[in-house]
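Taking it in order: structure first as C-alpha coordinates, then the write-up.
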Amino acid sequence: MSAITRNDTRTPETTRDEFGRDSQVRPASAVQAHPSWREQEHYDLWVEWQQRDSAGRWHPHQPVTHRTFRTREDTLLHAERLINRGDFPMQGGSSAAPVTLLRNRRAALLSAFREAEGDGVTLIREALFPVGEYALSLRVTCERVADPVRATFASAANPLRSLAGQRVKLTVLIEHPYDVLTRAEGLLELGERTARIVTEVQTYAAGAAVQGVPYRNATVTVPRGFLKKPLLYRYELAAEESR
(Lines give C-alpha, C1' and ligand atoms only; values in the text may rest on other atoms or scores of the structure.)
Protein backbone atom coordinates (compact mmCIF):
# COMPACT_ATOMS: atom_id res chain seq x y z
CA MET A 1 0.00 0.00 0.00
CA SER A 2 1.36 3.39 -0.90
CA ALA A 3 1.82 6.16 1.58
CA ILE A 4 -0.56 9.10 1.17
CA THR A 5 0.85 12.61 1.49
CA ARG A 6 -1.45 15.58 1.83
CA ASN A 7 -1.91 18.89 3.57
CA ASP A 8 -4.11 18.76 6.66
CA THR A 9 -5.49 21.89 8.37
CA ARG A 10 -7.00 20.16 11.40
CA THR A 11 -5.50 20.32 14.89
CA PRO A 12 -2.41 18.14 15.51
CA GLU A 13 -4.29 15.85 17.89
CA THR A 14 -6.41 14.25 15.16
CA THR A 15 -5.64 12.69 11.80
CA ARG A 16 -7.22 10.15 9.46
CA ASP A 17 -6.19 6.61 8.69
CA GLU A 18 -6.10 5.14 5.21
CA PHE A 19 -9.84 4.32 5.41
CA GLY A 20 -10.79 7.97 6.10
CA ARG A 21 -11.51 7.42 9.80
CA ASP A 22 -10.38 9.91 12.44
CA SER A 23 -7.79 8.58 14.86
CA GLN A 24 -6.04 10.22 17.78
CA VAL A 25 -2.31 10.81 17.43
CA ARG A 26 -0.37 8.90 20.08
CA PRO A 27 1.47 11.30 22.41
CA ALA A 28 5.22 10.80 22.75
CA SER A 29 4.93 9.95 26.44
CA ALA A 30 2.84 6.88 25.56
CA VAL A 31 5.53 5.36 23.33
CA GLN A 32 7.34 2.67 25.32
CA ALA A 33 11.03 2.12 24.64
CA HIS A 34 11.58 -1.20 22.90
CA PRO A 35 14.45 -3.44 24.13
CA SER A 36 16.08 -3.27 20.68
CA TRP A 37 16.48 0.50 21.10
CA ARG A 38 18.84 0.15 24.04
CA GLU A 39 21.86 2.39 23.58
CA GLN A 40 25.35 1.00 23.98
CA GLU A 41 28.79 2.52 24.01
CA HIS A 42 30.42 2.64 20.59
CA TYR A 43 34.09 3.57 20.27
CA ASP A 44 35.38 5.23 17.12
CA LEU A 45 38.91 5.58 15.79
CA TRP A 46 39.38 8.54 13.45
CA VAL A 47 42.63 8.99 11.52
CA GLU A 48 43.24 11.82 9.06
CA TRP A 49 45.95 13.97 7.58
CA GLN A 50 45.86 17.66 8.38
CA GLN A 51 47.69 20.52 6.69
CA ARG A 52 49.01 23.76 8.15
CA ASP A 53 47.85 27.06 6.62
CA SER A 54 49.88 30.28 6.30
CA ALA A 55 48.81 31.33 9.80
CA GLY A 56 50.08 28.08 11.31
CA ARG A 57 46.62 26.60 11.94
CA TRP A 58 45.87 22.94 11.19
CA HIS A 59 42.96 22.02 8.91
CA PRO A 60 41.61 18.64 7.71
CA HIS A 61 43.36 17.61 4.51
CA GLN A 62 42.54 13.97 3.78
CA PRO A 63 40.86 11.15 5.76
CA VAL A 64 42.78 7.91 6.28
CA THR A 65 40.40 5.60 8.14
CA HIS A 66 37.41 5.46 10.45
CA ARG A 67 36.51 2.32 12.40
CA THR A 68 33.94 1.58 15.09
CA PHE A 69 34.52 -0.87 17.92
CA ARG A 70 32.56 -2.29 20.86
CA THR A 71 35.14 -1.70 23.57
CA ARG A 72 37.72 0.89 24.52
CA GLU A 73 40.41 -1.78 24.70
CA ASP A 74 39.78 -3.05 21.15
CA THR A 75 39.87 0.50 19.81
CA LEU A 76 43.19 1.37 21.43
CA LEU A 77 44.69 -1.98 20.43
CA HIS A 78 43.68 -1.49 16.79
CA ALA A 79 45.11 2.06 16.83
CA GLU A 80 48.46 0.82 18.14
CA ARG A 81 48.59 -1.94 15.52
CA LEU A 82 47.86 0.64 12.83
CA ILE A 83 50.67 2.85 14.14
CA ASN A 84 53.13 -0.07 14.22
CA ARG A 85 52.33 -0.86 10.58
CA GLY A 86 52.93 2.77 9.64
CA ASP A 87 50.28 2.50 6.93
CA PHE A 88 48.78 5.99 6.54
CA PRO A 89 48.37 6.57 2.78
CA MET A 90 47.98 10.04 1.34
CA GLN A 91 46.72 10.56 -2.19
CA GLY A 92 48.41 13.09 -4.44
CA GLY A 93 51.88 13.96 -5.69
CA SER A 94 53.08 15.50 -2.41
CA SER A 95 52.34 12.41 -0.36
CA ALA A 96 55.69 10.61 -0.50
CA ALA A 97 57.63 12.81 1.93
CA PRO A 98 55.24 12.84 4.93
CA VAL A 99 54.32 9.17 4.60
CA THR A 100 57.96 8.07 4.38
CA LEU A 101 58.99 10.29 7.28
CA LEU A 102 56.16 8.99 9.39
CA ARG A 103 57.13 5.35 8.85
CA ASN A 104 60.55 6.19 10.24
CA ARG A 105 59.00 7.77 13.34
CA ARG A 106 56.52 5.08 14.32
CA ALA A 107 57.97 4.70 17.82
CA ALA A 108 57.61 8.43 18.48
CA LEU A 109 54.05 8.42 17.13
CA LEU A 110 53.12 5.44 19.30
CA SER A 111 54.54 7.17 22.39
CA ALA A 112 52.63 10.37 21.57
CA PHE A 113 49.41 8.43 21.13
CA ARG A 114 49.81 6.56 24.41
CA GLU A 115 50.42 9.81 26.27
CA ALA A 116 47.52 11.64 24.61
CA GLU A 117 44.46 12.52 26.67
CA GLY A 118 40.91 13.69 25.99
CA ASP A 119 38.06 14.62 28.28
CA GLY A 120 37.69 10.96 29.27
CA VAL A 121 33.98 10.98 28.39
CA THR A 122 33.33 11.42 24.67
CA LEU A 123 36.93 12.17 23.66
CA ILE A 124 39.16 9.39 24.97
CA ARG A 125 42.42 10.33 23.25
CA GLU A 126 43.51 12.92 20.72
CA ALA A 127 46.98 13.15 19.22
CA LEU A 128 48.27 15.49 16.52
CA PHE A 129 51.67 14.41 15.18
CA PRO A 130 53.38 16.99 12.90
CA VAL A 131 55.27 15.76 9.84
CA GLY A 132 56.59 18.76 7.92
CA GLU A 133 53.72 20.85 6.55
CA TYR A 134 51.33 18.02 7.41
CA ALA A 135 50.25 16.35 10.64
CA LEU A 136 48.63 13.01 11.37
CA SER A 137 45.57 13.31 13.60
CA LEU A 138 44.39 10.32 15.66
CA ARG A 139 41.25 10.51 17.79
CA VAL A 140 39.42 7.92 19.84
CA THR A 141 35.88 8.92 20.76
CA CYS A 142 33.05 7.28 22.66
CA GLU A 143 29.34 7.73 22.09
CA ARG A 144 26.23 5.96 23.34
CA VAL A 145 24.16 4.88 20.35
CA ALA A 146 21.65 2.15 19.56
CA ASP A 147 22.26 -0.49 16.90
CA PRO A 148 20.33 -0.24 13.61
CA VAL A 149 16.87 -1.81 13.76
CA ARG A 150 14.64 -3.28 11.03
CA ALA A 151 10.91 -3.67 11.74
CA THR A 152 7.47 -3.18 10.25
CA PHE A 153 5.58 0.04 10.81
CA ALA A 154 3.04 -1.63 13.12
CA SER A 155 5.75 -3.28 15.24
CA ALA A 156 6.57 -1.98 18.69
CA ALA A 157 10.22 -2.11 17.56
CA ASN A 158 9.58 0.42 14.75
CA PRO A 159 12.53 2.84 15.20
CA LEU A 160 10.38 5.74 13.98
CA ARG A 161 8.50 5.52 17.28
CA SER A 162 11.66 6.52 19.14
CA LEU A 163 11.48 9.92 17.39
CA ALA A 164 7.88 10.68 18.40
CA GLY A 165 7.51 14.10 19.96
CA GLN A 166 10.94 15.23 18.69
CA ARG A 167 11.75 17.82 16.07
CA VAL A 168 12.66 15.88 12.93
CA LYS A 169 13.43 16.48 9.28
CA LEU A 170 11.47 14.51 6.69
CA THR A 171 12.87 13.90 3.22
CA VAL A 172 10.71 12.05 0.70
CA LEU A 173 12.71 10.64 -2.19
CA ILE A 174 12.87 7.94 -4.79
CA GLU A 175 15.54 5.36 -3.93
CA HIS A 176 18.28 7.41 -5.59
CA PRO A 177 19.37 10.02 -3.01
CA TYR A 178 19.15 12.94 -5.43
CA ASP A 179 15.53 12.35 -6.45
CA VAL A 180 14.08 14.41 -3.59
CA LEU A 181 10.32 14.97 -3.84
CA THR A 182 9.41 16.67 -0.56
CA ARG A 183 11.04 18.12 2.56
CA ALA A 184 9.47 19.08 5.87
CA GLU A 185 10.57 19.80 9.43
CA GLY A 186 8.72 19.93 12.73
CA LEU A 187 7.50 17.87 15.67
CA LEU A 188 6.77 14.25 14.76
CA GLU A 189 3.38 12.90 15.85
CA LEU A 190 2.53 9.25 15.36
CA GLY A 191 -0.78 7.45 15.06
CA GLU A 192 -1.32 3.73 14.69
CA ARG A 193 -0.68 3.94 10.94
CA THR A 194 0.25 7.60 10.43
CA ALA A 195 3.18 9.98 10.81
CA ARG A 196 2.58 13.71 10.92
CA ILE A 197 4.92 16.71 10.72
CA VAL A 198 2.99 20.00 10.86
CA THR A 199 0.57 19.66 7.90
CA GLU A 200 2.41 16.81 6.19
CA VAL A 201 0.63 13.51 6.96
CA GLN A 202 1.72 10.11 5.68
CA THR A 203 -0.31 6.93 6.09
CA TYR A 204 1.56 3.63 5.91
CA ALA A 205 0.60 -0.02 5.61
CA ALA A 206 1.05 -1.98 8.83
CA GLY A 207 3.66 -4.15 7.10
CA ALA A 208 5.67 -1.26 5.62
CA ALA A 209 9.39 -1.84 6.16
CA VAL A 210 11.18 0.58 8.49
CA GLN A 211 14.87 0.67 9.26
CA GLY A 212 17.03 3.11 11.17
CA VAL A 213 18.99 3.94 14.29
CA PRO A 214 16.66 4.56 17.26
CA TYR A 215 16.62 8.14 18.55
CA ARG A 216 18.45 9.29 15.41
CA ASN A 217 16.77 8.35 12.14
CA ALA A 218 14.30 6.01 10.49
CA THR A 219 13.41 5.32 6.87
CA VAL A 220 10.06 3.91 5.74
CA THR A 221 10.18 2.08 2.40
CA VAL A 222 7.02 2.06 0.29
CA PRO A 223 7.01 -0.19 -2.84
CA ARG A 224 5.53 1.30 -6.01
CA GLY A 225 5.05 -1.79 -8.11
CA PHE A 226 7.05 -3.88 -10.54
CA LEU A 227 10.11 -2.18 -12.10
CA LYS A 228 9.53 1.04 -10.13
CA LYS A 229 11.97 2.16 -7.47
CA PRO A 230 10.36 2.44 -4.01
CA LEU A 231 9.61 5.68 -2.26
CA LEU A 232 11.74 6.37 0.80
CA TYR A 233 10.44 8.48 3.68
CA ARG A 234 13.52 9.40 5.70
CA TYR A 235 13.05 10.92 9.15
CA GLU A 236 16.10 12.38 10.92
CA LEU A 237 16.45 14.04 14.28
CA ALA A 238 16.87 17.72 13.41
CA ALA A 239 19.45 18.20 16.18
CA GLU A 240 21.85 15.84 14.38
CA GLU A 241 23.14 18.73 12.23
CA SER A 242 24.75 20.35 15.27
CA ARG A 243 26.48 17.18 16.51
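The values are calculated or read from the model by the stated rules, or taken from the named source; none is laboratory data. Because the structure is predicted, anything quoted here is derived from the model rather than measured. Positions of Cβ are backbone-derived with ideal geometry, glycine not excepted, and every protein chain shown enters the neighbour counts. Surface areas here come from the heavy atoms of the whole protein model, side chains and all, with no ligands, DNA or RNA. Shrake-Rupley method; radii C 1.70, N 1.55, O 1.52, S 1.80 Å.
Below is a table of values for the structure above.
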read-out: Equivalent ellipsoid semi-axes - Cα gyration tensor, the stretch 154-243, angstrom; value: 19, 16, 12
read-out: Order by protection proxy (mean Cβ within 10 Å, highest first), peptides 46-54, 217-225; value: 217-225, 46-54
read-out: Difference of contour (0.36 nm per residue) and Cα-Cα distance, E185 to Q40; value: 49.4 nm
read-out: Average Cα contact separation per residue, the stretch 112-243, under 8 Å, 6 or more apart, as relative contact order %; value: 23 percent
read-out: Accessible surface of the stretch 116-157, 1.4 Å probe, proportion on carbon and sulfur as whole %; value: 50 percent
read-out: Average accessible area per residue (Å²) across the stretch 101-238 - probe 1.4 Å, nucleic acids and ligands excluded; value: 47 Å²
read-out: Förster-model FRET efficiency, 25 Å R0, H176 and L227, C-beta, rounded to 0.05; value: 0.95
read-out: Residue-span extension gain [V121 to T68] - 0.36 nm each, minus C-alpha spacing; value: 17.5 nm
read-out: The stretch 145-187, dipole about Cα centre (Lys/Arg Cβ +1, Asp/Glu Cβ -1), debye to the nearest 20; value: 180 debye
read-out: Percent of C-alpha pairs per 5 Å bin, the stretch 50-142, short to long; value: 3, 13, 24, 25, 20, 11, 4, 1
read-out: For the stretch 81-224, the fraction of alpha-carbon pairs in successive 5 Å shells from zero, as %; value: 2, 8, 14, 13, 11, 6, 6, 9, 11, 10, 7, 3, 0
